[in-house]
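Asks: The structure that follows is given in the form of structure tokens.
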Amino acid sequence: MSDQIKFIVDNLNKEPFRKNYNLITFDSLEPMQLLQVLNDVLAEIDPKQDVDIREEMPEQTAKRMLSLLGILKYKPPGSATDMSTFRQGLVIGSKPVIYPVLHWLLQRTNELKKRAYLARFLIKLEVPSEFLQDETVADTNKQYEDLMEGFKTLHKECEQLKTSGFSTAEIRRDISAMEEEKDQLIKRVERLKKRVETVQNHQRMLKIARQLRVEKEREEFLAQQKQEQKNQLFHAVQRLQRIQNQLKSMRHAAADAKPESLMKRLEEEIKFNSYMVTEKFPKELENKKKELHFLQKVVSEPAMGQSDLLELESKINEINTQINQLIEKKMIRNEPIEGRLSLYRQQASIISHKKEAKAEELQEAKEKLANLEREVSVKTNQTREFDGTEVLKGDEFKRYVSKLRSKSTIFKKKHQIIAEFKAEFGLLQRTEELLKQRHENIQHQLQTLEEKKGISGYSYTQEELERVSALKSEVDEVKGRTLDDMSEMVKKLNSLVTEKKSALAPVIKELRQLRQKCQELTQECDEKKSQYDSCAAGLESNRSKLEQEVRGLREECLQEESRYHYTNFMIKNLEVQLRRATDEMKAYVSSDQQEKRKAIREQYTKNITEQENLGKKLREKQKAVRESHGPNMKQAKMWRDFEQLMECKKQCFLKQQSQTSIGQVIQEGGEDRLIL
């Protein structure tokens, strides 16, 4: 239930509701507020439901919501007898009724929007049969049904276009490209017309060309029609063959079957159908009628309040107590005949239930068989349309499978022989390569020895001489040999070959077995290797996980150690501060003046007084400086002017000294005298 409420709250907080609920506020909603939330969700699905339920009667609200939920195919939890409780809970805004409805609606909002939209156009209005006797009403009803079918087809085409992946931008581009091509073709036709107008009899030639084009198109149409007729003929022949095969199989089955078995089968079918018609279907019809009567009764009842519910509960409890009392009285009587009858009744009810269950199973099996036969027919038609071949059945399929198996065994044997030949060829090729390599090495060694001895080319010339002599001897022998010798030699060679083959046969057989064993061992080795690799990968992943865990634990340990040292340091610091505070309190409280002077408070007060005195002195000094600032600035300016005057005099004096002295200047007693 909590997961359900959480899902509802999360979806209500999203677009387009934006309710800003949490679990507590949503659970504490009043029944009227909860019904308004349900109405808002239904209004999002169907805009016609956008109504303020405070301005509507409860019966109308319940009827409107029930009709929409019926259109949306909502099935309340429980049996059909719980419909009245569901309706009453919907009227009073009961949480156990509203929460499942909200959960179901919010799970499939888009699907339900589509269903509500289609229901506006596809729910058929039932017209009474007596009104349909009127021609105008009948024509209008037929037109209404035709429009409904047209809407269905248009909606399907719209959905197919939506899911087909075509975009409007691509279609517009295609249309613009086609328009451009059309303009180009029009211009090209105009150019060709202008060019043709200069030719004599161009109208007659155009007419002949038009007739030729029409005839070509007719020829293509006739060829296409011919091909279609060939295909139809082919399908008709195949259908005829299939029907003939079915006729043969039915005749074969009828020939093999006995009248007794056919009669027995027909009797079983008649019994089953009679049971379905006389017992099962009437019971189901009666149950449906009862259910319909009960639902009509529930719908016709007015809305029930809390007092009505309490009264019904009390009545139910009274009836239950009466039933229990009657059962106890019956058990006290304990009549043996009634007990036997109850036993027989129980057995009869069990047998009837089993019979009904078996009949339902048989009905389901028949429906399943019919569905499978339809699927088989569809698949056969599809295969026939795809490649034009008939699907094999029965004995033909068995013969085809046996033929395939024999061919597969022959193929495997031939493939094994080819593999053996390939392996032998590989061995012989490898031996040939080794012998060639050894021959080249020996030739190279022989050439080096000849070069060392100073007789290079001796072996080559020796080989040539031997070859020439061998050829000469062979020619001589050939000349001297007779036909009998040659035939005898051939026999000997054949016998030698057969002996060698017979001698090598067990070796080759053993070699084949060893090769097969080698292949098995290599396969087993590959499997073991793959197992080892997977195991190693698993162990490696486990090791990496453990290393990550150890690394994380080490980091956590280091963090805890640093936190421990930090806390110890802070504790020591706080202890020192506490000790200082206690000492300060002792010094401040003690009556000894000497101890009081040692206290930090006294020292700070002393420092504060000293600083205050110093501040006073500085403020007084600042005041004096401010007062003497103007005269001092004037005096400083006078001193600067005086300095400039003296500098000017100095410069004049130095200038006079550098020039040729006309006279002599004597300075005495603050006076300057010039003596010529």
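The values are calculated or read from the model by the stated rules, or taken from the named source; none is laboratory data. Keep in mind it's a predicted model, so treat the numbers as computed, not measured. Positions of Cβ are backbone-derived with ideal geometry, glycine not excepted, and every protein chain shown enters the neighbour counts. Ligands, DNA and RNA are excluded from the accessible area calculation, which covers all protein heavy atoms including side chains. Shrake-Rupley method; radii C 1.70, N 1.55, O 1.52, S 1.80 Å.
Asks: TYR275: net charge of surrounding residues, Cβ under 14 Å, Lys/Arg +1, Asp/Glu -1, itself excluded? Intermediate results must be reported in sequence, preceding the final value.
Replies: Numbers: positive: LYS271, LYS280, LYS283, LYS354, LYS355, LYS358, LYS366; negative: GLU267, GLU268, GLU269, GLU279, GLU284, GLU356, GLU360, GLU361.
With Lys, Arg at +1 and Asp, Glu at -1, the net is -1.
Asks: If the cut-off is a Cα-Cα distance under 23 Å, which lysines reach LYS649, setting aside same-chain residues fewer than 8 apart in sequence?
Replies: LYS634, LYS637
Asks: Between THR153 and GLU311, what FRET efficiency follows from the Cβ-Cβ distance if R0 is 41 Å, with the result rounded to 0.05? Can you show the working numbers first?
Replies: Working: r = 55 Å, r/R0 = 1.34.
According to the calculation, E is roughly 0.15.
Asks: Out of the total accessible area of the chain (probe 1.4 Å, heavy atoms of protein only), what percent is carbon and sulfur?
Replies: Numbers: 33300 of 58120 Å².
Summing carbon and sulfur atoms, their accessible area is 57 percent of the total for the chain.
Asks: Going down the list LYS248/LYS379; LYS297/LYS358; LYS73/LYS124; LYS124/LYS283; LYS19/LYS124; LYS230/LYS368, which pairs span over 27 Å between their C-alpha atoms?
Replies: Details: LYS248/LYS379 22 Å; LYS297/LYS358 34 Å; LYS73/LYS124 16 Å; LYS124/LYS283 30 Å; LYS19/LYS124 37 Å; LYS230/LYS368 37 Å.
Check vs 27 Å cut-off fails for LYS297/LYS358; LYS124/LYS283; LYS19/LYS124; LYS230/LYS368.
Asks: Short version: ³J(HN,Hα) in whole Hz for each residue of the range 20-33, in order, from phi by Karplus 6.51 cos²θ - 1.76 cosθ + 1.60 (θ = phi - 60°), x for Gly and Pro, what are they?
Replies: Karplus values, whole Hz, x for Gly and Pro: 6, 8, 10, 4, 6, 5, 5, 5, 8, 5, 6, x, 5, 5.
Asks: Still on this structure, please answer the following. Quick one: net charge of PHE221's neighbours, Cβ under 12 Å, K/R +1, D/E -1? All intermediate terms of the calculation are to be shown ahead of the outcome.
Replies: On the way: positive: LYS216, ARG218, LYS226; negative: GLU215, GLU217, GLU219, GLU220, GLU228.
With Lys, Arg at +1 and Asp, Glu at -1, the net is -2.
Asks: Got a sec to turn the phi values of the range 463-470 into Karplus ³J(HN,Hα) couplings, 6.51 cos²θ - 1.76 cosθ + 1.60 with θ = phi - 60°, whole Hz, x for Gly and Pro?
Replies: So the J values, rounded to whole Hz, are 5, 4, 4, 5, 5, 5, 5, 5.
Asks: Still on this structure, please answer the following. In straight Cα distance, which aspartates and glutamates are under 17 Å from LYS187, not counting same-chain residues fewer than 8 positions off?
Replies: Output for LYS187: GLU179, GLU197.
Asks: Counting only helical runs of four or more DSSP H residues, what would the 222 nm mean residue ellipticity of the chain come to if each run contributes -39,500 (n - 2.57) and the total is spread over all its residues? Kindly include the intermediate steps, with their values, before the conclusion.
Replies: On the way: 20 runs with 568 residues, N = 676.
The helix-only estimate for the chain comes to -30000 deg cm²/dmol at 222 nm.
Asks: Enter the Cα centre distance for the pair the range 22-56 and the range 126-194, rounded to the nearest angstrom.
Replies: Spelled out, the Cα-based centre of one part sits 41 Å from the other.
Asks: Can you give the extra length, in nm with one decimal, that the chain gains between GLU126 and GLU328 once fully stretched, where that is 0.36 nm per residue apart less the Cα-Cα distance? Intermediate results must be reported in sequence, preceding the final value.
Replies: Values: separation 202, 0.36 × 202 = 72.72 nm, distance 5.31 nm.
So the chain would gain 67.4 nm between GLU126 and GLU328.
Asks: Provide the per-residue ³J(HN,Hα) series for the range 154-162, in order, calculated from phi with Karplus coefficients 6.51, -1.76, 1.60 and θ = phi - 60°, each as a whole number of Hz, with x at glycine and proline positions.
Replies: Per-residue couplings from phi come out as 5, 5, 4, 4, 5, 5, 5, 5, 5 Hz.
Asks: Taking only protein heavy atoms and a 1.4 Å probe, what accessible area per residue, in Å², does the chain have with all protein chains in place?
Replies: Working: 58120 Å² over 676 residues.
Per residue, the chain has 86 Å² of solvent-accessible surface.
Asks: Moving to a separate point now. Just one of [x] 1.27; [y] 2.23; [z] 1.67 is Cα Rg over 2.2 N^0.38 Å as worked out from the coordinates here. Which one is it?
Replies: Given [x] 1.27; [y] 2.23; [z] 1.67, the calculated one carries the label [y].
Asks: What is the distance, in nm, between label points placed 7 Å from the Cα along the Cα-to-Cβ direction at SER469 and at ARG54?
Replies: 13.3
Asks: Additional query: What nm distance separates the two modelled labels at ALA43 and ASP174, each placed 7 Å from Cα along Cα→Cβ?
Replies: So the two model labels end up 4.3 nm from each other.
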